[in-house]
Amino acid sequence: MSASLSGFIEAFILTYLVETPLLFLAMKKLLTVKKTAVLSLLLNAFSLPVVWLIRPLIPNVLLYLAVAEGFAFLAEASLLRVMGISWRRALFASAIMNVSSFTLGLAYSVLIGAMV
């Protein structure tokens, strides 16, 4: 397996594990645990490949982060809205999920980088 593919799979798993419980908390009383798990999988299956694949296209790191994280935030909030979630709850859930997964992903990268 290539380093790029294994890195993507690792990022997908970490993102899913971080964002799913947060989505469940944001959607409490609206969705079951099973529906939340499936919804989180769908949201990440839609947004993470785009975030991952545009990296080589944008050489400036700060611009990349703004575009990629902005896309993830807006795309996931929009998908939640399409599924009948209010804009307020969709934006809140997407913000909490994406800030948390970005922060923990960055911390994970720093820790793993320090160990290699």
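Laboratory data are not the source of any read-out in this text; all were calculated from the coordinates shown. Only a predicted model underlies this, so the values are computations on that prediction, with no experimental measurement involved. Neighbour counts are summed over all protein chains in view; Cβ atoms, including those assigned to glycine, are modelled from backbone coordinates with ideal geometry.
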Starting at the first residue of region 94-107, write each ³J(HN,Hα) from the Karplus equation 6.51 cos²θ - 1.76 cosθ + 1.60 with θ = phi - 60°, in whole Hz, x for Gly and Pro. 5, 4, 4, 4, 6, 5, 5, 5, 5, 5, 5, x, 5, 4
Each residue of region 52-63 in order: what ³J(HN,Hα) in whole Hz does its phi give by Karplus 6.51 cos²θ - 1.76 cosθ + 1.60, θ = phi - 60°, with x for Gly and Pro? 6, 7, 7, 3, x, 7, 10, x, 7, 4, 5, 5
Tell me, what HN-Hα J-couplings in whole Hz come from the Karplus equation 6.51 cos²θ - 1.76 cosθ + 1.60 at θ = phi - 60° for each residue of region 9-24, using x for Gly and Pro? 4, 4, 5, 5, 5, 4, 4, 4, 5, 7, 7, 4, x, 5, 5, 4
Counting only the backbone N, which residues of region 20-44 are under 13 Å from the spot 7 Å out from the Cα of SER86 toward its beta-carbon? 27-28, 30
Obtain the nm distance between the two label points defined at LEU65 and LEU14 by a simple spin-label model: each point lies 7 Å from its Cα along the Cα-to-C-beta direction. 1.4
